[in-house]
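Q: Below is one structure. I have some questions about it.
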Amino acid sequence: MRRLIVNADDFGWSEAVTSGILKGHREGVITSTTLMTNLPGAAEALDRARREAPGLAIGVHLNLTEGRPLAPREEVADLLDAAGRLPASLPALFAKMRNSAAARAAAEKELEAQLGWARDRGLEPSHVDSHKHVHLYPRLLPIVLAVARRHGVKAIRTTTEIRLPGLAAILPPTWGTVARIRQRLLAMVGRRWGLRGQNEVRQAGLATTDWFFGIRTTGGVSADLILHLLRHAPAGTGELMVHPGLPDVKPQRAGRLDESRPLELAAVCDPRVRRTADQEGWTWASYKDLNHDQAA
C-alpha cells in the first residue's frame, strides 16, 4: 500500500493563504489542511471550505506561538507575554513549559479552547498538528494527547521525517549554506521528536502516519521535489507537509514563508505530480482514512 496525505498548514493565516490552499485542493493534490482556530481569519476559512471544498479534510493547527489566545486572558496569563500575546519564539515557549507548572496548565486551557472553537462550529477535526510542531515537544505531547482524546480527535501528526537520496540537489538553488544547515538541523530534531511521538500517539490509541516529510524542505517545495518524493518514499501511509498560498502584496500577517507560498502552490498544482503518482502506484489520502483504518 502506498498512500500519500498532502497537508497544507496554516489555513486561516490570511486571505491569500486560505485562497491558495483552496485552489491547491481544487486544482492540485492537496487532500488535507489544518486550521489555526485562534487567528482572525479562521471563521471565514472554515465557511469557505464548506462552500468551495466540501471534500477537503480539515484538522486543527494547534498554535501556542502566534497571535492572541482564545481562552480568557486571565485564565492563561502564565502562558502569555507582557502584551497578552502567545510567546512569539520557541525558546520562550519551551522555557515556560520546562519551568512552570502554571504555564503548562495554561497551555492545556488554550489548547482546549482552540479545539473547542472547532467543535462549537460543527467541525470534527480529521486530526491535529501544530504551528512549528510544538505539540511534539516532550513536555507538551502528553497534554496534547489528553486534550485530543477529550475532544474525540482520532489522529495526530508525528514528524518522522524520512531521508531521501539525492535531496540536496533538489533544494532551492537560492538557499545558501545557512538555510540548508538550519533546515537539516530542524529536520533532525523533528525526526527525533516524531519517532518518540509516534510511539506515544499509538500507545494512547490514536492514529498517525508511517512516515512524514516536509521539515527539511519547508519553504522550498517544488514540483521536482514532489516527483522525487513519489519515486523514493517508502510504502505505507505518509504525509507531505506544504505551505501554499496566493501572492500577497500587502500581507495581513507577515511571515518568513510569504515569498515561497506561491511557489509551493504551483508545485502542488503541477500536472506532472498526478501523472507520476499514478505511475508509481500512489493513492491520495487524508487523516480520515487513518481514522477509518483504526475503526476497522
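Q: Out of all DSSP beta bridges with both ends in region 2-295, state the antiparallel percent to the nearest 5.
A: That works out to approximately 0 percent antiparallel.
Q: Something else now. Gaussian network model of the chain, Cα springs within a sub-10 Å range: biggest mean-square fluctuation belongs to which of Arg196, Arg51, Arg216?
A: Arg51
Q: ³J(HN,Hα) across region 249-266 via Karplus (A = 6.51, B = -1.76, C = 1.60, θ = phi - 60°), whole Hz, x for Gly/Pro?
A: Listing the rounded values in order: 5, 10, x, 5, 9, 5, x, 6, 9, 4, 6, 8, 4, x, 5, 6, 4, 4 Hz.
Q: Right, something else. List residues of region 40-70, by number, whose backbone nitrogen lies under 11 Å from a label position 7 Å along Cα→C-beta of Arg26.
A: Zone members listed by number: 49, 51-54.
Q: Something else about it: Taking the Cα centre of the chain as origin, sum charge times position over the Cβ atoms of Lys and Arg (+1) and Asp and Glu (-1), and report the length of that vector in debye to the nearest 20.
A: It comes to approximately 620 debye.
Q: Report, by chain and number, residues whose modeled amide H sits under 5 Å from the one on Val6, excluding near sequence neighbours (fewer than 5 apart, same chain).
A: Thr31, Ser32, Leu240, Ala285
Q: With the cut-off at 1.5 for a/c, could you classify region 197-269 from its C-alpha gyration tensor as rounded, prolate or oblate?
A: Judged from the Cα gyration tensor, region 197-269 comes out oblate (a/c at least 1.5, b/c at or above a/b).
Q: Report, in deg cm²/dmol and to the nearest 500, the calculated mean residue ellipticity at 222 nm for the chain, where each DSSP H run with n ≥ 4 adds -39500 (n - 2.57) and the sum is divided by the residue count.
A: Calculated from helices alone, the mean residue ellipticity at 222 nm is -13500 deg cm²/dmol.
Q: Relative to the longest principal axis of the C-alpha atoms of the chain, give the angle of the C-alpha long axis of helix 90-99, reported between 0 and 90° and rounded to the nearest 10°.
A: That works out to roughly 40 degrees.
Q: Round to a whole angstrom and tell me the spacing of the C-alpha centers of region 173-187 and region 77-151.
A: Spelled out, the Cα-based centre of one part sits 28 Å from the other.
Q: Most fluctuating residue of Trp13, Trp284, Trp175 in a GNM of the chain with Cα springs under 10 Å: which is it?
A: Ranking Trp13, Trp284, Trp175 by mean-square fluctuation puts Trp175 first.
Q: A further question on this structure: Give me a comma-separated list of calculated 3J(HN,Hα) values for region 24-36, in order, Karplus coefficients 6.51, -1.76, 1.60 applied at θ = phi - 60°, integers in Hz, x for any Gly or Pro.
A: x, 7, 5, 10, x, 10, 5, 10, 8, 8, 10, 8, 8
Q: Follow-up. Return the equivalent ellipsoid semi-axes of region 2-295 as a descending list in whole Å, where each equals the square root of 5 times an eigenvalue of the C-alpha gyration tensor.
A: With the √(5λ) rule applied to region 2-295, the semi-axes are 28, 20, 20 Å.
Q: Given charges of +1 on the Cβ of Lys and Arg and -1 on the Cβ of Asp and Glu, with all other atoms neutral, how large is the dipole of region 60-138 about its Cα centre, in debye to the nearest 20?
A: About 180 debye.
Q: Now for a different question. Helix 101-120 against the longest principal axis of the chain: what's the angle in degrees, Cα atoms only, rounded to the nearest 10?
A: Its long axis makes an angle of about 60 degrees.
Q: Counting other beta carbons within 10 Å of each Cβ, put Met241, Met188 in order, fewest first.
A: In increasing order of surrounding Cβ atoms, one gets Met188, Met241.
Q: Additional query: Sort Tyr137, Tyr287 so that the residue with the fewest other Cβ atoms within 10 Å of its own Cβ comes first and the one with the most comes last.
A: Tyr137, Tyr287
Q: Taking only the Cα atoms of region 160-202, how large is their convex hull per residue, in Å³?
A: 68 Å³
Q: Now for a different question. For the peptides 264-272, 150-158, what is the packing order when you average, over each peptide's residues, the other Cβ atoms within 10 Å and list the highest mean first?
A: Listed from highest to lowest mean packing, they are 150-158, 264-272.
Q: To make sure I understand, if each residue's beta carbon is the centre and we count other beta carbons within 10 Å, what order do Thr283, Thr218, Thr208 fall in, fewest to most?
A: Thr283, Thr218, Thr208
Q: Next question. With the chain treated as a Gaussian network of Cα nodes joined by springs under 10 Å, which of Leu167, Leu79, Leu35 yields the largest mean-square fluctuation?
A: The residue with the greatest mean-square fluctuation here is Leu167.
Q: Still on this model: Set Lys and Arg Cβ to +1 and Asp and Glu Cβ to -1, take the dipole of region 2-295 about its Cα centre, and tell me which of Ala92, Ile21, Gly190 lies farthest positive.
A: The residue sitting most towards the positive pole is Gly190.
Q: Next up: Assuming 0.36 nm per residue, please report the length gained on full extension of the stretch Lys250 to Glu44 beyond their Cα-Cα distance.
A: Contour length minus Cα-Cα distance gives 72.3 nm.
Q: Please list, ordered by chain and number, the residues whose modelled amide H lies under 5 Å from the amide H of Thr160; skip anything fewer than 5 residues away on the same chain.
A: When sequence neighbours closer than 5 places are left aside, the close amide H contacts are Phe212.
Only the coordinates and a few stated rules stand behind these numbers; no lab work does. Since the structure is predicted, the reported quantities are computational estimates derived from the model, not experimental observations. So basically every Cβ, Gly included, is an ideal-geometry build from the backbone, and we count neighbours across all protein chains shown.
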